[in-house]
Amino acid sequence: MDILHQYIETLSENFFDPKKRVFLGYLLSAFVISFLWLTIVKKEKIKQTINKIFDKKVFMSKSSQADYILFLLNIIILMFLSPLLISQLAIAHIVFEYLHSQTILMPLNIETNNLWIIPTFFTLSYFILDDFTKYITHALMHKVPVLWEIHKTHHSARTLTPLTIFRTHPIEGVIFVIRSAFTQGIVISTFYYVYGGNITFVTILGANLFSFWFHLFGSNLRHSHIKLNYWNWLEKILISPAQHQIHHSIKKEHHNKNFGVALALWDTLFGSLHLSKSNEYIEFGISNKKHKYENNIIYLYISPFIGIYKIFLNYVSPHNINGKKQNLKFNKQTRY
Amino acid sequence: MNNTKFKGTTLAKLSFVGAVTFSFMCSSITSVNAGHHGNVYGPYPITEKSYKGTKKNSVSYGGQMARQLLHNSLKKLASKGNPKDPTLAPEKKMLAYLNTKDKSKSLPIMDPKSSSKFPVKQKMIGELSGGANLSGKADKRIQTSWPGNMSGVDVIKFMIKKAGKTKGGVDTRNGMNYPQLISKYTMGAVLYHQACDNYLDEKMTPSSKPNNKPYKKGAHYTGKEHSWDEAFGYWGAAAHTMKLSAVQSYDVAKKKDLKAADYNKDGVVDLQTEMTYAHAYYASSYDKKGKTNYLKNVTSAFIDGRKLITAADGNKLSKTELDKIQGYVQIICSNWEDVIAESVFKYAGSVYKDLGKIEKAFDSGTGMDKAMSAYLKHWGELKGFAMALQAGPDNKSDTFNRMNRMMGFGPLMPNLSQVIGIDSSGDYIKDQGSSIGYYKLHMLKIQKLMASKYALKAKVNDATGGMAALLEEVGSKKSAEND
């Protein structure tokens, strides 16, 4: 009963906790934004707009159905895996203790209570650094062959809905949990050390101020068929929903582009930026060639292992031992 | 006729006297029983079969209350040190409160002193007991937590000697705050040690102080009854503690709540039964924050245990009864130990904060005196409680060694010097210590050690508590989701 209770709690937390991407309030704001975008900017009619936003072909597609099932199953898997992983508190303690034994970074010993600027700086810094580690992790998921095999599960989606974020292999979930733990542990313990025990986050409804705005202004449209794009200058700073949809595109020129989550700055800095174009048709997935089992749940769980096994075979094959690598190319995005 | 009349009158008179006597006897018995409210410690009836006297209440812990007051008084006197007094009067006075049994009722109670807001019944230590001192009951084991390989009582004497020669009892050169060190260590070396390492330990074994014999020849209480009462006295809770909230008990100790203290409504606070002392006070200080229930856990176990012993009616305790007693002992001593560990945790956190203030004072060039004063006070409390923890029955030598090593024999001073020992003249030997950063790290590790080895819940002044709260606020990612 405890497990069932925990499961229901975790499941509902996704929709009722403002710290979560698919919090009902953010889904509602995504609807409002897409409605305004389509009716005002794209001059579409209201009925047509509603039909487009709630397109059955998208929400009831086999791809989306697989997303929903993975969402429900992964909660159970992560419930058992999470307690085995290193916690952000353990990392924070290690870093915090280490900071006492070095002399480069010292506590500032200033009162933080009456200074709004320090909590704001802390909140913004955390948001930026968290976003940066997400960029790095995401880029590695694409560029390291073994990691790409795992990340393929997410990119195999043919239709995008807000719940496509849960179309994620559990191993990738574990990687993200570890990334999150390290980021939180390191950033928070460092600020806590430098600014002392009074430091606080600036929050709205319990969520980080900047994360709140990011989600409120349509983060859920990243995984959707609503191609909302920004001005080019803005797309160099913030990732627009259309830019992330480009990231999911099967077109070769779109591969390994737009790894950013909230900020496009990282893509701009590291040369992976791709600006969106109005009315550009984007087909989602890994390849235009459909795989027989691409939405089969069992296949979605085991395919990364098959892919990794093939990589392993390639490295230990006799050809490789003799110095002649098999002709299994690990190009930037190996396809089905 | 006359004879008959006489007989009738005599019978009537005898009947009357008999009825009055019977009523008086009944009322006496009833008064003992009525006096024994379920959740008040005592009075309890006499069960010792060999006792032929007139006493009705078998509860007796006057000696322990006298020691509580000797401890309170010693703490007060420790702050009266005077290096310019050639007669060594401050030291002599403190030694009197350490060693003297106040048979002649000549030792005034220094704390609490009667006031209009908080009038107390007794004025002299001897009014509670003329046969109790502190030195005779101090831990006799060698104390590795203090330099010089001294026994418990020798450590207290050493501290007293130093305190007497130090202005206000605070040695700012070596960092020793003697009022705090003496007080907290005495709480452990005498009060906690006697209760948990003697009365509730050896004296609760079947052969020691059996319940079918008086505690000592002619006593009106049995061996087990009195052993139990003595331990309760060392705990320092008012007899009616279970009728008070933690805040009330705390305020009683602080002499702020006469109404809560004066249980028998006679207008004065009886220091024997109505006052909160030392360990019970610290328990109440944690409990009033709402996360713990140390005071009532311990006090109710004492009451339940005493009821069980009383119910044996002066007979030897059976194995089942002794097992139950051991259950109560376990509750009492584990909670008591946790209260002391909570204090070590709390003051390690205080010292950590104080070191930050000292760093700040260094940077700003102001506020050093204030920061140092708080630092030395808190370090004295930390060290005293850490030493007190080691006076219990459970020798967690690995934990104690780590704790002692991390806090050292003295606080790290702003010039980074630290006491590392005592020479043959009794003077402190100092050496260069670690950096302030490292010493702060040691405080963190002491908190971590306490939290891992004891069932702490209050965790006052948790140096990393804010960090944990921030991490909690951010929330851990438990779901598999892409961005």
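The values are calculated or read from the model by the stated rules, or taken from the named source; none is laboratory data. Keep in mind the model is a prediction, meaning the values are calculated, not measured. Here the Cβ positions follow ideal geometry from the backbone for every residue, glycine too, while neighbour counts run over all protein chains shown. We work out accessible area using only protein heavy atoms, side chains counted, and drop any ligands, DNA or RNA first. Shrake-Rupley method; radii C 1.70, N 1.55, O 1.52, S 1.80 Å.
So how many residues does the range A:175-205 have that are open to solvent by 30 Å² or more (accessible area, probe 1.4 Å) and at the interface with chain B (Cβ under 8 Å from one of its Cβ atoms)?
The total comes to 4.
Of the numbered conditions (1) part of a helix (DSSP H, G or I); (2) open to solvent by less than 20 Å² (accessible area, probe 1.4 Å); (3) within 13 Å of chain B (Cβ to nearest Cβ), A:Ala242 fails exactly one; give the number of that condition.
(3)
Of the residues in the range A:307-325, how many are loosely packed, with under 11 Cβ neighbours inside 10 Å and modelled with pLDDT under 60?
Residues that pass the stated criteria total 5.
Could you check how many residues of the range B:355-381 are assigned to a helix (DSSP H, G or I), within 12 Å of chain A (Cβ to nearest Cβ), without any contact (Cβ under 8 Å) to a residue 40 or more places away in the chain and in contact with a helix residue (DSSP H, G or I) (Cβ under 9 Å, 6 or more places away or on another chain)? Before the answer, list the steps.
The first filter runs over the range B:355-381 and keeps only residues assigned to a helix (DSSP H, G or I), leaving B:355-364, B:368-381.
So of that shortlist, the ones also within 12 Å of chain A (Cβ to nearest Cβ) come out as B:355-364, B:371.
Checking the rest, the ones that are also without any contact (Cβ under 8 Å) to a residue 40 or more places away in the chain come to B:357, B:360-361, B:363-364, B:371.
Checking which are in contact with a helix residue (DSSP H, G or I) (Cβ under 9 Å, 6 or more places away or on another chain) leaves us with B:357, B:360-361, B:371.
Here the count works out to 4.
Among the residues of the range A:158-174, write down those that are in a loop (DSSP other than H, G, I, E, B) and more than 9 Å from chain B (Cβ to nearest Cβ).
A:Arg158, A:Thr159, A:Leu160, A:Thr161
Residues checked against (1) surrounded by fewer than 20 Cβ atoms within 10 Å (Cβ to Cβ); (2) more than 7 Å from chain A (Cβ to nearest Cβ); (3) of a type in the set (A, V, I, L, M, F, W, C):
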site	(1), (2), (3)
B:Ile422	yes, yes, yes
B:Ser425	yes, yes, no
B:Lys430	yes, yes, no
B:Ser434	yes, yes, no
B:Tyr438	yes, no, no
B:Lys453	yes, yes, no
B:Leu456	no, yes, yes
B:Leu471	no, no, yes
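How many of the residues making up the range B:366-398 are over 19 Å from B:Ser151 (Cα atoms), open to solvent by less than 50 Å² (accessible area, probe 1.4 Å) and at pLDDT below 95?
So the answer is 1.
Looking at the structure I just gave you, is A:Asn229 over 22 Å from A:Asp67 (Cα atoms), modelled with pLDDT of 90 or more and surrounded by 15 or more Cβ atoms within 10 Å (Cβ to Cβ)?
Yes: the conditions hold for A:Asn229.
Go through (1) modelled with pLDDT under 95; (2) of a type in the set (A, V, I, L, M); (3) surrounded by 14 or more Cβ atoms within 10 Å (Cβ to Cβ); (4) not in a loop (DSSP other than H, G, I, E, B) one by one and return the number of the condition A:Leu328 breaks.
It is condition (4) that A:Leu328 fails.
For the range B:287-313: of the residues being farther than 23 Å from B:Asp251 by Cα and outside any helix (DSSP H, G or I), which is least open to solvent (accessible area, probe 1.4 Å)?
B:Ala312
If you check B:Ile340 against the conditions, is it open to solvent by less than 20 Å² (accessible area, probe 1.4 Å), over 26 Å from B:Ala386 (Cβ atoms) and either at pLDDT 95 or above or in contact with a Phe, Trp or Tyr (Cβ under 6 Å, 6 or more places away or on another chain) (or both)?
Here the answer is no, as B:Ile340 does not meet what is asked.
So which residues in the range A:1-36 are surrounded by 13 or more Cβ atoms within 10 Å (Cβ to Cβ), among the charged types (D, E, K, R) and in a helix (DSSP H, G or I)?
Scanning the range A:1-36 gives a single hit, A:Glu13.
Of all residues in the range B:419-437 being in contact (Cβ under 8 Å) with a residue 24 or more places away in the chain and of a type outside the set (Val, Ile, Thr), which is nearest to B:Asp171 (Cα to Cα)?
Checking each candidate, the answer is B:Tyr428.
Return the only residue of A:Ala66, A:Ala92 being within 11 Å of chain B (Cβ to nearest Cβ), open to solvent by less than 20 Å² (accessible area, probe 1.4 Å) and closer than 30 Å to A:Val22 by Cβ. It would help to see each step written out before you state the result.
Values: A:Ala66 fails: within 11 Å of chain B (Cβ to nearest Cβ).
Being within 11 Å of chain B (Cβ to nearest Cβ), open to solvent by less than 20 Å² (accessible area, probe 1.4 Å) and closer than 30 Å to A:Val22 by Cβ holds for just one of A:Ala66, A:Ala92, which is A:Ala92.
What's the number of the only condition in (1) in a helix (DSSP H, G or I); (2) open to solvent by 30 Å² or more (accessible area, probe 1.4 Å); (3) more than 10 Å from chain B (Cβ to nearest Cβ) that A:Thr123 fails to meet?
(2)
Going by the structure shown, is B:Asp363 crowded, with 21+ Cβ neighbours inside 10 Å and more than 30 Å from B:Thr299 (Cα to Cα)?
Criteria not met by B:Asp363.
So how many residues does the range B:240-250 have that are small (Gly, Ala, Ser) and open to solvent by less than 10 Å² (accessible area, probe 1.4 Å)?
1
Can you tell me which residue in the range B:458-469 is farthest from A:Asp130 (Cα to Cα), limited to those that are more than 7 Å from chain A (Cβ to nearest Cβ) and not in a loop (DSSP other than H, G, I, E, B)?
Taking the range B:458-469 and keeping what is more than 7 Å from chain A (Cβ to nearest Cβ), we get B:458-463, B:465, B:469.
Among the residues that remain, those that are also not in a loop (DSSP other than H, G, I, E, B) are: B:465, B:469.
Values: B:Gly465: 22, B:Ala469: 18 Å.
Within the range B:458-469, the match that is farthest from A:Asp130 (Cα to Cα) is B:Gly465.
Quick one: which of B:Lys346, B:Lys316 is in a loop (DSSP other than H, G, I, E, B), at pLDDT 95 or above and open to solvent by 10 Å² or more (accessible area, probe 1.4 Å)? Spell out the reasoning first.
Numbers: B:Lys346 fails: in a loop (DSSP other than H, G, I, E, B).
Going through B:Lys346, B:Lys316 in turn, the sole match is B:Lys316.
Mind listing whichever residues of the range B:329-354 are aromatic (Phe, Trp, Tyr) and within 13 Å of chain A (Cβ to nearest Cβ)?
Selection gives B:Tyr352 alone.
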